[in-house]
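Presented below is the structure to which this report refers.
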Amino acid sequence: MLQIVFSDSECGALKLATHCGPSNGDDGPIAFIFGDGKHEPNLEEKEKAMAQFKAQREKENRRARPVGGNPGDVLCPCVGLDIGPLSGPDVEKTRFDLLTAWLGGDFPLPDQDRDDHTQRDRLWEEHRRDKKRLLEGGEQGEAVRIWYSNAPYSLCGFYDVLWLLRDCGCPVTALEMPRWMPLEDGTAQSCLNWGELSPGDWAAYLPLEREIPKSVRRAVAMEWSRLRAENAPLRAVINGRLHSVGEDFYDPFIRAHIPDGTFRVGQLIAEVLGRCQLGIGDWWIAKRIQAMENQGELITVSKGDCFYQSEVRRVQ
């Protein structure tokens, strides 16, 4: 069975989830980031954080169960289809350039070598390979299981896979990330996407797996064909459905969280991500903050080592 996800973090987590289970060993080193990185935590704060983390990890370890399957059958055939073009003669080049931008091309870290594209090239080839494997498996009748959520990138990926398999007779099942998931230890879990799950928790969601009938697959493929034809700058989830929207669609959410006075770009991005839970990444929010700055809505007070560390404020 081929198992499909739509981000690199989800892909890594599901590969681990195929075989993970309760263990007695130490999983390796632990690192913490406190606050904005400038505050040096004291010993009491470090010990408290360590104790909380270990208690959470032990709890997750006790309920860990394997999903099963082969890690090599976990595929990520596409990423970020909620942003940028979906069709056109230069779509492959444009999406390749988008990957470059996401991986630091637009907002490089202070010590990043902008000419080193090793990670971009590796990920690009992995996605191309996974898409080819998906199509070959679908044509040969291999079963496909899709893990998706209501996050725009994931729902777009779900639509795209059903569109790719539109002429294949292979069985297709899917698991949609629920808003709340009751667990066997009496707790409930709430995640925006599969990448937020501990690998040991994925198996708890297997009872949600449902077959996708061919009639539904055809309907979704037709809907995705329409969205591909519209070829909008963005696709967003509105009332549970994908819609083509303009590049400024998320701007009201950003403006609603711009504080008075001077603030760091990174602090605003974190506030929007945490409060709004839009299912999008920090890169697009940073792009829109940059656009507001270019349009004269925001002004730079001081430049940081990278864009996220820059201090800005509203234009009075």
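The values are calculated or read from the model by the stated rules, or taken from the named source; none is laboratory data. Quick caveat: nothing in here was measured; it's all calculated off a predicted structure. Glycine also receives a Cβ, built like all others from the backbone with ideal geometry; neighbour counts cover every protein chain displayed.
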Answer residue from the range 70-102, given it is of a type in the set (Asp, Glu) and in contact (Cβ under 8 Å) with a residue 40 or more places away in the chain and is surrounded by the fewest Cβ atoms within 10 Å (Cβ to Cβ) among those: 73
What are the pairs, 6+ residues apart or on separate chains, where a residue within the range 292-306 that is assigned by TED's automatic domain parsing to the domain that holds residue 267 has its Cβ under 8 Å from a residue that is surrounded by 11 or more Cβ atoms within 10 Å (Cβ to Cβ) and of a type in the set (Asp, Glu)? 292/251; 299/293; 300/293; 300/311; 301/311; 302/311; 304/311
Would you mind finding the one in 157, 88, 169, 141 that is part of a helix (DSSP H, G or I) and among the small types (Gly, Ala, Ser)? 157
Result of the Cβ filter at 7 Å on the range 130-151, keeping first residues that are under 17 Å from residue 206 (Cα atoms) and partners that are aromatic (Phe, Trp, Tyr) and surrounded by 16 or more Cβ atoms within 10 Å (Cβ to Cβ), at least 6 apart or interchain, is 146/158; 147/194; 148/6; 148/158; 149/194
Find the residue count for the range 214-255, including only residues that are modelled with pLDDT of 95 or more and assigned to a loop (DSSP other than H, G, I, E, B). 8
Tell me, which residue of the range 303-316 that is farther than 17 Å from residue 108 by Cα and surrounded by fewer than 16 Cβ atoms within 10 Å (Cβ to Cβ) is modelled with the lowest pLDDT? 316
Do you know which residues across the range 259-290 are more than 15 Å from residue 101 (Cα to Cα) and aliphatic (A, V, I, L, M)? 265, 268, 269, 270, 272, 273, 278, 280, 289
